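The values are calculated or read from the model by the stated rules, or taken from the named source; none is laboratory data. Model, not experiment: these values are computed from the prediction. Heads up, the Cβs are rebuilt from the backbone with ideal geometry, glycines too, and the neighbour counts pull from every protein chain shown.
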Amino acid sequence: MNATRVVTVRERLGELIQYIKTGHIIEAMREFYDKDVKMQENADPPAVGLTANIERENQFLSSVKEWKGSEVKAIAVDGDASLVEWVFDWVSIDGTPVHLEQVAVARWRDGKIVHERFYYAPSVLPKT
């Protein structure tokens, strides 16, 4: 009898982080997000469905001229929930440097994210 290895949320989260840190954001969404995922920015209504969220992410990515870096400050996993504290730096299409600190809170089911909410300051100010 073959024993099936259960992959934990912590392991899947580690894989997701590597996808993002290496610039494979859309590929990460296809691999780690459920087809009916709900993704939410702060208190905005969630975008529903993988297709809608990939489109939203592509719109954001088209506003980025150059990625400067990303860093994970902290992670936490409890049951089916994960939290990642991220720091991102990029240059927008208009040449403005942007520094964003956010916390992503995800709910997982069967190795996929079914809901993710991003918490960050309402206005992202250029880094000086």
Original post:
Which residue out of GLY69, GLY95, GLY49 is surrounded by 14 or more Cβ atoms within 10 Å (Cβ to Cβ), at positive phi and not acidic (Asp, Glu)?
Top reply: GLY49
Original post:
Going through the range 98-128 one residue at a time, which ones are at pLDDT below 95, surrounded by 14 or more Cβ atoms within 10 Å (Cβ to Cβ) and of a type in the set (A, V, I, L, M, F, W, C)?
Top reply: VAL98, LEU100, VAL124
Original post:
Where residues in the range 66-97 are among the polar types (S, T, N, Q) and assigned to a strand (DSSP E or B), which of them is modelled with the highest pLDDT?
Top reply: SER82
**OP:** Return yes when ILE75 is closer than 13 Å to ILE20 by Cβ and either touching a strand residue (DSSP E or B) at 6+ places or on another chain (Cβ under 9 Å) or buried (at least 16 other Cβ atoms within 10 Å of the Cβ) (or both) and no when it is not.
**Re:** yes
Original post:
Do we find that ALA47 is touching a helix residue (DSSP H, G or I) at 6+ places or on another chain (Cβ under 7 Å) and either within 20 Å of TYR120 (Cα to Cα) or among the small types (Gly, Ala, Ser) (or both) in this structure?
Top reply: yes
Subject >> Test: THR96 is touching a Pro at 6+ places or on another chain (Cβ under 9 Å), over 17 Å from LEU13 (Cα atoms) and of a type in the set (Ser, Thr, Tyr) >> reply: yes
**OP:** Could you please find all residues in the range 1-46 being exposed (fewer than 13 other Cβ atoms within 10 Å of the Cβ), part of a loop (DSSP other than H, G, I, E, B) and within 12 Å of the chain's Cα centre (by Cα)?
**Re:** GLY23
